[in-house]
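I have placed the structure first, in the form of structure tokens, so that the comments after it can refer back to it.
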Amino acid sequence: MSEPAKKIVLSGLRPTGRVHLGNYWGAVKNWVDLQDQYDCRYFVADLHALTTDYADTSAIRESTIEAVTDWLSVGLDPEKAVIFVQSQVPQTAELALIFGMITPLGWLERVPTYKEQLQELRERELGTFGFLGYPVLMTADIALYRGQCVPVGKDQESHLEICREIVRRFNGMYGEVFPEPQALYTATPKVPGLDGRKMSKSYGNTIALSDSADDVKAKVMSMVTDPKRARRTDAGDPGTCNLFPFHLLYSPKEEIAQVDEECRAATRGCVDCKKHLIRNMNAALDPVRERRTEITAKPGFVREVLQEGGVRARALASSTMRDVADAMKLL
Ligand code: TRP
Ligand code: SF4
């Protein structure tokens, strides 16, 4: 008896350089967890990066390589998942053009993140065709590989909704070519930055997967803890401490309970608590750093992985484009 076909998972991330713990726990870890049960295709969304960063592309190539190096160092496996770069699959642009023909402008103008970002990034000229068409390009990414499940954060919800509408419209007009993609929201833990705001490169408050053990130590030591614990003898509240979410991620269960208890009873000092966390974090991050060192010791390795992933992705894409041409009665 043949195995039932695995569902197709498709996801991308814009190339933002070295992966930090927010990116890892929010997306990349999930990608790694999915690669055994699903047929996964993961890519660097470098064309999407151009929708906002077209004026300065100087960092894009290096950011792509750095990001993929981190993906591999945390266990994303090119034997299990197709790992590639969006711009290396020209059919992406072709399918985006076709989807552009059938997408009403009103749908795009109504996307809440579109208006928000226009406001937020007011210093850039974002009255462009490409920026408005962000969800059209995203639909092409997904449909090109017949993606069924799309692991994304809640921030992508409105984009994914448009993707579903575009696919439905295509299927309704020309025949069922594409599955309707489903969002795969998975619970993502809270990962605050060093200053307590969301961990983000633009806030400069990150811990990177590739930070050295000493970097991790210095960064954790600099973190703000429960602000109400002015003295060692004041009882603390892990619920308002920035450090505690990291214990939840990196410390074993029994130790978490102990941290919680001792913090509330003021029998644990914050400095000791930080040292405790640093030990656990570095124990988890050491093997990742080791793998990264192995990968970077092989010059050209990441490029080769992306080269091979590109070949596989283009093969999948051209088979889809054949079906698109047939459905649309193009030659
Ligand atoms: N828009 C996504 C983000 O900013 C990246 C992305 C581009 C994507 N194309 C995709 C995610 C297709 C899932 C599927 O994070
Ligand atoms: Fe935070 Fe630990 Fe200090 Fe409690 S003891 S406030 S959990 S650092």
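Every read-out reported here was derived from the displayed coordinates using simple, explicitly stated rules and does not represent laboratory data. Because the structure is a prediction, the values reported are computed rather than measured. Counting neighbours? That spans all protein chains shown, and the Cβs are built from the backbone with ideal geometry, glycine included.
Quick look at the values:
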| read-out | value |
| --- | --- |
| Unit Cα scatterers, Debye sum, region 1-126: log10 I(q)/I(0) for q = 0.15, 0.18, 0.20 Å⁻¹ | -0.88, -1.15, -1.27 |
| Mean shadow area of region 211-293, taken as a quarter of the surface of its Cα convex hull (nm²) | 5.1 |
| Within region 51-91: backbone nitrogen closer than 12 Å to the Ala325 label point (7 Å, Cα to C-beta) | none |
| Gain in span if fully extended, Val311 to Thr240, counting 0.36 nm per residue against the direct Cα distance | 20.7 nm |
| Pairs beyond 19 Å (Cα-Cα), from Lys29/Lys274; Lys29/Lys80; Lys154/Lys190; Lys80/Lys253 | Lys29/Lys274; Lys80/Lys253 |
| Highest-MSF residue in the chain out of Gly153, Gly75, Gly172 [GNM, Cα springs under 10 Å] | Gly172 |
| Cα-projected label distance for Lys275 with Thr113, points at 7 Å along beta-carbon direction, nm | 4.4 |
| Relative contact order (percent, whole number), region 211-293, Cα cutoff 8 Å, 6+ residue spacing | 34 |
| Neighbour net charge for Ser212 - beta-carbon separation under 13 angstrom, K R +1, D E -1 | 0 |
| Rounded Å value of the spacing that divides the Cα centres of region 225-280 and region 18-38 | 26 |
| Per-pair calculated FRET efficiency, R0 = 30 Å: Lys198 and Ala266 via Cβ, rounded to 0.05 | 0.55 |
| Contour excess over end-to-end distance, with Cα ends at Lys7 and Glu157 and 0.36 nm allotted per residue | 52.0 nm |
| DSSP-assigned coil residues among trypsin sites (Lys or Arg not before Pro) in region 296-331, each with at most 14 further Cβ atoms within 10 Å | Lys329 |
| Those trypsin sites (Lys or Arg not before Pro) in region 192-232 that DSSP places in a loop and that have at most 11 other beta carbons within 10 Å | Arg197, Lys228, Arg231 |
| Hull volume in cubic angstrom per residue (convex hull over the Cα atoms of the chain) | 162 |
| Separation in nanometres of the label points that stand 7 Å from Cα toward Cβ, at Glu290 and Arg303 | 2.9 |
| Longest site-free stretch - the chain; sites: GluC sites (Glu not before Pro), DSSP loop, at most 16 other Cβ within 10 Å | 177-331 |
| Radius ratio Rg over Rh of region 116-275, counting only Cα atoms, Kirkwood formula for Rh | 1.15 |
| Net +/- balance of residues flanking His48 in space, Cβ distance below 9 Å, scoring K and R +1, D and E -1 | -1 |
